[in-house]
Amino acid sequence: MLNNANLKNIAPKDFRQKVRQGEWGEPTANVCFGYAQANLVIVPKDMAFEFFLFCLRNWMACPVIDATQAGSPHPSLVAPEADLRTDLPVYRVFRNGKLADEPTDITGYWRDDLVCFLLGCINTIDWAFRVAGIKFRRLGAFTSNIECVQAGRFSGPMAVSLRLFKGTESLIRAIQISSRFPNAHGVPVHIGDPAAIGISDICHSDFVPHANAAPQQPDETAVFWGCGITVELAALRAKLPLMITHKAGHMFVTDLLAGEFAIL
């Protein structure tokens, strides 16, 4: 039986093959140790420039690391042999601003005018934290009151992911390390009081619940990074006729090591 333990050291190509064969449909946070992961967004070609502009203006939430030619499901920069129609554990299909389906394969939705974007993922930075021996707790993702910069039809609040760090040293090291990964959300968008960005209860995530969601302790500091779920919020507000994403936490695993995303 597959589990996080025996998938920790698997090669990305082999992991994607297992996903493609329907052998894994769970979150990817602990698979393929050390390899960069990515959010997926697929839009029709006539929306692709507006979407790219939205990402450019809101890079801390939506850092683009690859984009395909219209009609191609193959991300040539980060995993040229992969197929973005089959190689993610779970997808989300939005029609007219509403969630229409959560399939494990989107070949039935594929069209020749679709453009795929891969956005950097905070899981990439988490690997760097673990290598550095930094202890932290993940408490999921939330909708903040930070408003994104609009681009055409794309607008909305920024989604953020939360980690709790114990002690000043861990906090400072986490900020230093994350600043080296602008293609994986980079530096935090907020540090400290969750209520200051509109979050009232950090123990109940809006999107990605975690088992260790115990209340924040006096020696822990809340640190928030931009999150790729931001694009789902934008799609819902814009009521796009079609937009396909990954399901939160069920990321695309690239062929690139996390360190290759770092600024030296």
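The values are calculated or read from the model by the stated rules, or taken from the named source; none is laboratory data. Just so it is clear, the model here is predicted, and its values are computed rather than measured. Quick reminder, even Gly has a Cβ in these numbers, built from the backbone with ideal geometry, and neighbours come from all protein chains shown.
Here is how the numbers come out for the structure above:
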item: Single residue of M60, M47, M1 found to be of a type in the set (A, V, I, L, M, F, W, C) and without any contact (Cβ under 8 Å) to a residue 24 or more places away in the chain; result: M1
item: Residue count for the range 49-81, restricted to those that are aromatic (F, W, Y) and touching a helix residue (DSSP H, G or I) at 6+ places or on another chain (Cβ under 9 Å); result: 3
item: Members of the range 180-234 that are touching a residue at least 12 places away in the same chain (Cβ under 8 Å), hydroxyl-bearing (S, T, Y) and in a loop (DSSP other than H, G, I, E, B); result: S205
item: Strands (runs of 3 or more DSSP E) contained entirely in the range 88-163, each with at least 3 residues that are touching a helix residue (DSSP H, G or I) at 6+ places or on another chain (Cβ under 8 Å) and not charged (D, E, K, R); result: 114-120, 136-147
item: Contacts under 9 angstrom Cβ, first residue in the range 64-81 being modelled with pLDDT of 95 or more, partner of a type in the set (K, R) and surrounded by 15 or more Cβ atoms within 10 Å (Cβ to Cβ), 6 or more apart; result: P73/R85; A79/R16; E81/R16
item: Cross-chain or 6+ apart pairs with Cβ under 9 Å, the range 249-264 first and closer than 19 Å to A67 by Cα and free of Cβ contacts under 8 Å to residues at least 60 places away in the same chain, then in a loop (DSSP other than H, G, I, E, B) and among the polar types (S, T, N, Q); result: none
item: Some residue of the range 79-87 being over 22 Å from N58 (Cβ atoms), surrounded by 16 or more Cβ atoms within 10 Å (Cβ to Cβ) and among the small types (G, A, S); result: yes
item: Residue in the range 12-24 that is surrounded by 15 or more Cβ atoms within 10 Å (Cβ to Cβ), of a type in the set (K, R), closer than 25 Å to R237 by Cα and touching a strand residue (DSSP E or B) at 6+ places or on another chain (Cβ under 7 Å) present; result: no
item: Number of positions in the range 166-181 that are within 20 Å of the chain's Cα centre (by Cα) and over 15 Å from M60 (Cβ atoms); result: 2
item: Boolean, T68 is farther than 25 Å from F129 by Cα and in contact with a strand residue (DSSP E or B) (Cβ under 6 Å, 6 or more places away or on another chain); result: yes
item: Of residues in the range 49-76 being touching a Leu at 6+ places or on another chain (Cβ under 9 Å), within 14 Å of C116 (Cα to Cα) and of a type in the set (A, V, I, L, M, F, W, C), the one surrounded by the fewest Cβ atoms within 10 Å (Cβ to Cβ); result: A70
